[in-house]
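A.B. asks: Got a structure for you, written out below as structure tokens; questions coming shortly.
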């Protein structure tokens with residue numbers, strides 16, 4: 001059989017889905033979190049980094065970095081102060097290599113700016129240029 005015929009045979013072969021033959025084989029997926037295991041792991045910080053900005057410096061910098069109890073303290077303090085806590089493992093993997101006081105790399109400016117903008121929006125803070133003459137905002141921050 002030549003290559004073209006082999007390819008055609010492969011194309012024409014239908015794959016049967018792996019469907020259980022009986023109801024006993026079907027395992028229900030528990031999408032609830034009745035034991036609160038997901039919530040507990042989500043709420044408990046095992047690692048955290050805090051970012052600050054000082055107008056005297058050129059860019060944002062790592063103001064705190066911690067694991068386990070220190071991470072939880074960073075998150076708890078941020079929540080107490082009413083700051084937005086963003087959970088992003090990919091971003092954390094980039095930031096964890098920095099030392100406290102070290103500036104954020106320029107490659108991360110866009111994502112950091114996006115997160116900060118979102119946190120300001122959640123707090124109802126908008127740039128002055130978003131304000132109309134009557135004092136209302138062009139964006140409904142109360143939606």
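Laboratory data are not the source of any read-out in this text; all were calculated from the coordinates shown. Predicted model only: the values in this text are computed from it and were never measured. Note that each Cβ is placed from the backbone with ideal geometry, even for glycine, and that neighbours are counted across all protein chains shown.
A.B. asks: For residue 58 paired with residue 117, estimate the spin-label separation in nm (one decimal), with each label point 7 Å from Cα along the Cα-to-Cβ line.
C.D. replies: 2.3 nm
A.B. asks: For segment 43-130, evaluate the Debye formula with one uniform point scatterer on each Cα (no solvent term) and list log10 I(q)/I(0) at q = 0.20, 0.21 Å⁻¹, rounded to two decimals.
C.D. replies: For segment 43-130, the Cα-only Debye profile gives -1.03, -1.13.
A.B. asks: Averaging sequence separations of C-alpha pairs under 8 Å and six or more residues apart, then dividing by the length of segment 43-130, give the relative contact order as a whole percent.
C.D. replies: After rounding, I find 27 percent.
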